[in-house]
1. If each residue's Cβ is checked for other Cβ atoms within 10 Å, how do 311, 172 rank with the fewest at the top?
2. For labels at residue 413 and residue 142 in the simple 7 Å Cα→Cβ model, what's the distance in nm?
3. For the stretch 279-314 and the stretch 93-162, compute the distance between their C-alpha centroids and round to whole Å.
4. Which three semi-axes in whole Å describe the equivalent ellipsoid of the chain, each the square root of 5 times a Cα gyration tensor eigenvalue, listed largest first?
5. Neighbour counts of other C-beta atoms within 10 Å: give me 403, 95 arranged from fewest to most.
6. In the Gaussian network model of the chain, springs joining C-alpha atoms below 10 Å, which of 205, 392, 236 carries the largest mean-square fluctuation?
7. What residues qualify as long-range amide H neighbours of residue 103, i.e. H under 5 Å apart, gap of 5 or more or another chain, H built at 1.01 Å from N?
8. How large is ³J(HN,Hα) for each residue in the stretch 204-212, as worked out from phi by the Karplus curve 6.51 cos²θ - 1.76 cosθ + 1.60 (θ = phi - 60°), to whole Hz, x for Gly and Pro?
Amino acid sequence: MLLPASEVRYKSGDSEYRYRPDSELFYLTGWEEGGTVAVLRSHGATDRFVLFVPERDEKLERWMGPRLDPAEVKERFGADAVFPMAEFRQRGPALLADGDRIHYRLGASPVCDGVVRDALRAGRGRRARKGAGAYVVVDPGAVLDGMRVRKDAAEVARLREAARISVAAFREALGCVRAGAGEWEVEAALEGGFRRRGAGGPAFATIVAAGANACTLHYTANSARIGADDLVLMDAGAEFDYYAADITRTVPAGRLEGARQQAYEVVRGAHRAALAACGPGATLEDVHGAASRVIGEGLVGMGAVGGGVHEVLESGAHRAFFPHQTSHWLGLDTHDAGAYRQALGPVRLEPGMAFTVEPGLYFPPGSCERVPELEGTGIRIEDDVVITEHGADVLTGGLPVDLGELGPLVGAAL
Ligand SMILES: [Mn+2]
């Protein structure tokens with residue numbers, strides 16, 4: 001398996017974004033810096049874990065900070081061999097050519113693409129003469145996704161810490177929600193709350209969406225002022241040791257009554273039903289089904305869609321207002337690696353699997369002739385769950401969901 005580090009990315013000119021390691025490389029090696037390639041070999045008596053690392057460079061280190069000596073890298077990361085990156089192009093093909101298959105994501109890095117091409121060429125000759133040699137390129141996800149989707153105890157501990165930090169920051173940020181405040185003020189409270197508690201930062205672009213902005217699922221401008229009686233949707237999460245939390249709460253800046261309050265209770269009900277469906281042996285399709293039923297019933301009950309509940313669910317009419325899935329895997333990536341469905345059907349939940357539960361209802365302007373009062377309203381409630389031996393643990397359960405409990409927190413900041 002050949003895993004290159006993520007490239008350093010530039011915001012503009014020579015101004016770099018803060019470096020964030022590649023999830024797969026970090027998962028297998030703990031390596032956190034750029035400019036490296038890891039080679040992992042399942043065959044051969046030697047060099048089963050080889051790291052190519054940037055060379056020491058006194059001048060560069062004055063700007064970018066100290067680098068480890070190859071000997072220190074070997075010791076700290078448990079590699080069998082450590083070579084300077086400059087030797088990768090020449091040494092790489094031989095390390096890869098004698099197995100059957102090379103796990104590598106084609107296109108991940110131009111230099112790795114070249115090494116894989118050379119390894120395949122060398123492997124073809126070797127196969128003809130010795131009966132073994134590289135001739136297949138496989139996506140690393142074919143091996144790693146199935147590992148990553150089941151979290152071990154150390155990973156769950158990191159997810160738990162990301163969740164704990166996020167819950168605390170949400171409590172503070174709810175205090176900033178009031179009519180007249182900028183969405184950006186709430187964003188600042190969330191992200192400041194993450195950082196103050198030692199998180200690396202936000203795991204993804206924070207969403208603070210007031211009123212109709214909440215109908216744009218990935219609204220991230222956070223540049224509007226909160227209107228009187230707006231519902232404010234906050235979707236954010238801390239990244240701790242590269243593991244993500246992902247929480248959404250939607251709260252009113254002022255009064256919430258009538259159809260909009262009903263809609264909140266429908267999403268609340270869907271959230272409750274979806275959480276109840278989480279457990280070993282269930283599937284995320286079951287979880288989504290439980291949420292969808294309550295959403296469908298609620299839409300019919302509110303008169304937002306016509307027909308019977310069965311009809312609505314069958315035809316998918318509810319999807320006009322609930323257009324996304326209820327869950328995604330959660331881990332090193334916010335939308336974490338792992339299949340949701342395999343040849344035999346949906347993946348069954350097992351202890352250690354972590355994911356979100358996030359039903360929602362969105363009524364963009366002009367979308368709901370039957371109940372115009374609902375237009376311009378977006379509501380989502382999202383918590384993070386890890387499956388246990390006998391059920392499910394809601395990692396973000398410390399943050400209330402019911403309006404009766406959320407209300408006192410809203411606008412409470414001085
Ligand atoms: Mn999410």
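1. On the way: 311 13, 172 17.
Exposure proxy ranking, most exposed first: 311, 172.
2. Result for the modelled spin labels: 5.0 nm.
3. Between the Cα centre of the stretch 279-314 and that of the stretch 93-162, the gap is 42 Å.
4. On the way: eigenvalues 416, 134, 64 Å².
Working from the Cα gyration tensor, I get semi-axes of 46, 26, 18 Å.
5. Details: 403 16, 95 22.
Ordered from fewest to most neighbouring Cβ atoms within 10 Å, 403, 95 come out as 403, 95.
6. Most flexible of the set in this elastic network: 205.
7. Amide H to amide H, under 5 Å and 5 or more residues apart or across chains, residue 103 pairs with 2, 138.
8. Once rounded to whole Hz, the list reads 7, 5, 5, 10, 10, 10, 8, x, 5.
Rule-based calculations on the coordinates, nothing more; no lab input. These numbers come from a predicted model, not from an experiment. Cβ: placed from backbone, ideal geometry, glycine included. Neighbour counts: every protein chain shown.
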